[in-house]
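**Student:** Below you will find the structure I want to go over with you.
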Amino acid sequence: MKAWRFVGTLDPLRDPLAWFSGAIELISLTSENCHIVTFPWRDTPVGRHLLLHFAQVVRPDRILVPANSNLARAGWIIGPEEVELRPRHLPLVVEASRRAQWLELLEKGEDHKVSLIDVSLVGSRLGSGSILKEIKQTDYAEVAGGVLLMVTERSIEDREMSNLMNYSNARKVVLVHPRDYRGLVCSFADQAGLDFGMGVIQSFDPTSGTFSIRAQAVNPAPIRILKLGLTRIDQSGKESFPLDPWTV
């Protein structure tokens, strides 16, 4: 049996919540006699604490860590044992393999229209607040936690910005261009959050609040949750710089 969960980034430390949630869900599908391989180690506080919390939840019988990695420090529930790792594939080989899979996703996918009215969004600032309807019809805006998010192609003048902030009781404004969503990897999920179709956003129309998405799911897809990632790819399958969390 193969199972997967959408994280939305090649670096799990950029979205540790998504990685942790997905890892726990996948482990619930395994037998007791299994091996768990986590993400490649980087000596950062977030990475170390994420793995420590993960081990506390999973409670493995053995923990193996790379030799000379600083991971053998105190804090683990058992062990750990240091081991020598095999040489990894060259970065160009790994990149070429990923690019081929991105191209396959684009070539075999179907075109979908997804409206913000019909789904909940996860992994983005968009879809987290209350929609602000008293704006120009070419824009999309919503307010959450004192932050006004506007998706627009226009340049907003200071006076209009001030009026919008006063009207919405916002302390901060985040301006996003519709093209900022283009190329982001995403996933279709059901009401329980289970992923069933991975895709790539082709465009976002702020006027109608609708995404155009190329995804490997049969159309029409029963989407209840749309998960947005931080990884972006172009039509040739090439990866570009990832987004910072919660910027769009």
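**Student:** Residue farthest toward the positive end of the dipole of the chain, with Cβ of Lys/Arg at +1 and Asp/Glu at -1: which of 121, 39, 71?
**Tutor:** Sorting the options by dipole projection puts first 71.
**Student:** Restricting attention to region 21-89, which trypsin sites (Lys or Arg not before Pro) occupy a DSSP loop and are surrounded by at most 11 other Cβ atoms within 10 Å?
**Tutor:** Of the trypsin sites (Lys or Arg not before Pro), the ones in loops of region 21-89 whose Cβ has at most 11 other Cβ atoms within 10 Å are 42, 62, 73, 88.
**Student:** Would you work out the relative contact order for region 116-167, in percent, from Cα pairs under 8 angstrom that are 6 or more residues apart?
**Tutor:** 22 percent
**Student:** Work out the length of the dipole vector of the chain about its Cα centre, built from +1 on the beta-carbon of each Lys and Arg and -1 on the beta-carbon of each Asp and Glu, and round it to the nearest 20 debye.
**Tutor:** Here the size comes out at about 200 debye.
**Student:** For the residue pair residue 111 and residue 4, what label-to-label distance in nm results when each label sits 7 Å from Cα along the Cα-to-beta-carbon direction?
**Tutor:** Those two pseudo-labels are separated by 2.4 nm.
**Student:** Amide H to amide H, which residues 5 or more places from residue 135 or on other chains are under 5 Å from it, using H placed in the peptide plane?
**Tutor:** Here nothing satisfies the definition.
**Student:** Before anything else, pin down the relative contact order of the chain: Cα pairs under 8 Å, at least 6 apart, normalised by residue count, whole percent.
**Tutor:** Reported relative contact order: 21 percent.
**Student:** Shifting gears a bit: Quick check: net charge around residue 5, other residues with Cβ under 9 Å of its Cβ, Lys/Arg +1 and Asp/Glu -1?
**Tutor:** Computed value for this residue: -2.
**Student:** Same structure, new question: Work out the length of the dipole vector of region 60-127 about its Cα centre, built from +1 on the beta-carbon of each Lys and Arg and -1 on the beta-carbon of each Asp and Glu, and round it to the nearest 20 debye.
**Tutor:** Roughly 200 debye, rounded to the nearest 20.
**Student:** For region 183-189, what does the Karplus curve 6.51 cos²θ - 1.76 cosθ + 1.60, with θ = phi - 60°, yield as ³J(HN,Hα) per residue in whole Hz, taken in order and with x for Gly and Pro?
**Tutor:** x, 6, 6, 8, 9, 8, 9
**Student:** Further, regarding this structure: Across the chain, how many lysine pairs separated by 8 or more positions, or lying on different chains, have Cα atoms within less than 21 Å?
**Tutor:** 8
**Student:** For the chain, which span is the longest to avoid every loop-located (per DSSP) member of GluC sites (Glu not before Pro) having at most 12 other Cβ atoms inside 10 Å?
**Tutor:** 158-248
**Student:** So who's got an amide H within less than 5 Å of the one on residue 148, skipping anything under 5 residues away but keeping other chains? H placed 1.01 Å off N, in plane.
**Tutor:** Sorted by chain and number, the residues that satisfy this are 171, 172, 173, 174.
Bear in mind that the values in this text are calculations on the coordinates, not laboratory data. Computed from a prediction, not measured in an experiment: that's the story for all the values here. All Cβ positions, even for glycine, are placed from backbone atoms using ideal geometry, and neighbour counts span all protein chains on display.
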